[in-house]
């Protein structure tokens, strides 16, 4: 399957990845080749085949809807690795 | 013999007799790392001080009469498992300075058992690869030939065990990442059944196939480590409870065509852990009842005759032990790679969306949020990670979802059905782990598709969630160099103990 540079840029945008022009060209060729290869799946008849999304065999795994407190040292270590303000994680404005 | 060269079992005996201390054992490993690792380059982080402290603690426990298979045993861990207070990088610039705030459940189990963490090992970035060349930091070498790769993605762990830098190591296997490096490095690599071991604290890659597993010098040692780290975990909803394991195994026995299923009937089928040591099952296999399948699709005329000869030698050994060798067919084998390389990137594109530069991982400077995401991720991820994220994003995108992702999921069902059919006839399946021994560094990383084809014999068991292990099957000569090659044994889901008991007789 041939992909255009525009298509690669669109995929990169959906993936939130900054790509250089060289990268766009590189992935255009490489992804095209990989998609060409996986096309061999089209020779398999699967109309009557159920899909497999997971193989755990487990169903309806629930736990009680109870809040559990996270050890404070672990919480502090987790929060300490981002930009913070007044003890909270700082994020950029969304809107 | 140097202490770092001991197996777990040998070290256990000496520790219990008081002939050696955990500190001596730990120091022997740390010394070997200091001596050899500048060349082999297996470790991203070495935690010598905390390891020595843990060793002293283990010595106290041993002195007080405490018992345990891994008490005082030093190990290394693939750097995609969370280790509290210790840098956990996934071999990515994205997490270069990340300190894990908690322990993965397997690490917790090992801590409680008194095992000693020596450090964290190199991998392909986020476990995306088959040679460890995709690490953002450095390339790990194969101890058997430093110009060759150790395999991947758990190459650091495999090379470290092969070079005796530790007594065992943890890895993860999503589509061969334990078995293929074990084969390349000439050691034992166990990928357990999907759900056998908790993945809480394993950086998610392909959630529908990811498992944690082991690298050891012997099969018996793999059984010892499995026994400690296996078990259900409320923090991982895909981990299987003991009664579910037991029911699944009973059902599996009932689906056998007449005359089979006898080989494993004597074995402990409870699936529970921490009761009897798995190693005690070694004598419980009735080899006269054992049926071993050779899938014809893995032994085509393209297979290197030298590799085939080694695998057939393993088959003959099983025959001499009383097993019956049966030709079976897994007709959809050739679709394993295309299915795997659609499902894996798809799940990766979703799982790696969590690296948004906020709260953890690399954060870029940018004016607005969208630019911040793009720049943080664009600079933080390496080439193979970006490739997989984009491939997965494409396969999941509107207009392509049915043709690529859903199609792959349907063919996955057919691959699973193949195994189910085969296991009606046989108890285990024997194949080569890899079509060849370790390749030269740089020989295959120019084309991503060539590297993907590396996984030809190992994706099947991953897609079907089956336990599989690679054991050394001898060495073959390539360019005047003797290089190890592995045999893969695949079992039915949750039959790890039985698989290990059979493999133990071959080890």
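The values are calculated or read from the model by the stated rules, or taken from the named source; none is laboratory data. Note that the structure is predicted; figures quoted are calculated from it, not measured. Note: ideal-geometry Cβ built from the backbone for every residue, glycine included; neighbour counts use all protein chains shown.
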| field | Any chance residue A:36 is more than 7 Å from chain B (Cβ to nearest Cβ), surrounded by fewer than 16 Cβ atoms within 10 Å (Cβ to Cβ) and out of contact with any strand residue (DSSP E or B) (no Cβ under 9 Å at 6 or more places or on another chain) | value | yes
| query | Is at least one residue of segment B:422-432 surrounded by fewer than 21 Cβ atoms within 10 Å (Cβ to Cβ), modelled with pLDDT of 95 or more and facing another protein chain (nearest Cβ under 7 Å)? | reply | no
| query | Can you name every residue in segment B:306-356 that is within 15 Å of residue B:487 (Cβ to Cβ), touching a helix residue (DSSP H, G or I) at 6+ places or on another chain (Cβ under 7 Å) and surrounded by fewer than 18 Cβ atoms within 10 Å (Cβ to Cβ)? | reply | B:321, B:325
| task | Check residue B:360 against each of (1) in a loop (DSSP other than H, G, I, E, B); (2) closer than 23 Å to residue B:208 by Cα; (3) out of contact with any helix residue (DSSP H, G or I) (no Cβ under 7 Å at 6 or more places or on another chain); (4) at the interface with chain A (Cβ under 9 Å from one of its Cβ atoms) and name the one condition it does not meet. | result | (2)
| task | Within segment B:373-395, work out how many residues are within 25 Å of residue B:130 (Cα to Cα) and either at the interface with another protein chain (Cβ under 9 Å from one of its Cβ atoms) or free of Cβ contacts under 8 Å to residues at least 12 places away in the same chain (or both). | result | 14
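Conditions (1) touching a strand residue (DSSP E or B) at 6+ places or on another chain (Cβ under 7 Å); (2) closer than 23 Å to residue B:50 by Cα, marked per residue:
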residue: B:116; (1), (2): yes, yes
residue: B:134; (1), (2): no, no
residue: B:147; (1), (2): yes, no
residue: B:156; (1), (2): yes, yes
residue: B:161; (1), (2): yes, yes
residue: B:164; (1), (2): no, yes
residue: B:184; (1), (2): yes, no
residue: B:191; (1), (2): yes, no
| Does segment B:406-417 include one or more residues that are more than 7 Å from chain A (Cβ to nearest Cβ) and either over 16 Å from residue A:13 (Cα atoms) or under 23 Å from the mean Cα position of the chain (by Cα) (or both)? | yes
| request: Would you please list the contacts, defined by Cβ atoms under 9 Å and residues six or more apart or on different chains, that run from a residue in segment A:59-87 that is in contact (Cβ under 8 Å) with a residue 12 or more places away in the chain to a residue that is exposed (fewer than 12 other Cβ atoms within 10 Å of the Cβ) and in a helix (DSSP H, G or I)? | output: none
| For segment A:76-95, what are the residues that are assigned to a strand (DSSP E or B), surrounded by 11 or more Cβ atoms within 10 Å (Cβ to Cβ) and more than 7 Å from chain B (Cβ to nearest Cβ)? | A:84
| field | Enumeration of residues in segment B:303-317 that are out of contact with any strand residue (DSSP E or B) (no Cβ under 9 Å at 6 or more places or on another chain) and in contact (Cβ under 8 Å) with a residue 24 or more places away in the chain | value | B:317
| said: Quick check on my filter: what residues within segment B:387-402 are surrounded by 15 or more Cβ atoms within 10 Å (Cβ to Cβ) and farther than 15 Å from residue B:341 by Cβ? | reply: B:397
| message | Just to check your reading of the model, which residue among A:33, A:9 is under 20 Å from residue B:381 (Cβ atoms) and not in a loop (DSSP other than H, G, I, E, B)? | response | A:9
| note | Screening B:121, B:132, B:218 for residues that are within 22 Å of residue B:497 (Cβ to Cβ), in contact (Cβ under 8 Å) with a residue 12 or more places away in the chain and under 15 Å from the mean Cα position of the chain (by Cα) leaves only B:218
| said: Take the conditions touching a helix residue (DSSP H, G or I) at 6+ places or on another chain (Cβ under 9 Å) and either in contact (Cβ under 8 Å) with a residue 12 or more places away in the chain or farther than 30 Å from residue B:149 by Cα (or both) and apply them to residue B:399. Does it pass? | reply: no
| query | When you scan segment B:318-349, how many residues do you find that are more than 12 Å from residue A:38 (Cβ to Cβ), away from chain A (no Cβ under 11 Å) and either touching a strand residue (DSSP E or B) at 6+ places or on another chain (Cβ under 7 Å) or outside any loop (DSSP other than H, G, I, E, B) (or both)? | reply | 12
| request: Determine whether segment B:448-461 contains at least one residue that is under 16 Å from the mean Cα position of the chain (by Cα), farther than 11 Å from residue B:180 by Cβ, within 14 Å of another protein chain (Cβ to nearest Cβ) and surrounded by 21 or more Cβ atoms within 10 Å (Cβ to Cβ). | output: yes
| task | Working only within segment A:48-75, note down all residues that are at the interface with chain B (Cβ under 9 Å from one of its Cβ atoms), over 15 Å from residue B:235 (Cβ atoms) and over 27 Å from the mean Cα position of the chain (by Cα). | result | A:73
| task | Would you list the helices (runs of 4 or more DSSP H) that sit entirely within segment B:440-507 and hold 2 or more residues that are in contact with a strand residue (DSSP E or B) (Cβ under 8 Å, 6 or more places away or on another chain)? | result | B:459-464, B:496-504
| request: Determine, yes or no, whether residue B:157 is farther than 28 Å from residue B:443 by Cα and modelled with pLDDT of 95 or more. | output: no
| task | Considering only residues that are surrounded by fewer than 20 Cβ atoms within 10 Å (Cβ to Cβ) and modelled with pLDDT of 95 or more, look in segment B:291-303 and name the one that is nearest to the other protein chains (Cβ to nearest Cβ). | result | B:297
| request: Could you check how many residues of segment A:15-32 are crowded, with 16+ Cβ neighbours inside 10 Å and either free of Cβ contacts under 8 Å to residues at least 12 places away in the same chain or facing chain B (nearest Cβ under 7 Å) (or both)? | output: 10
| If you go through segment B:134-156, how many residues are surrounded by fewer than 24 Cβ atoms within 10 Å (Cβ to Cβ) and closer than 18 Å to residue B:94 by Cβ? | 3
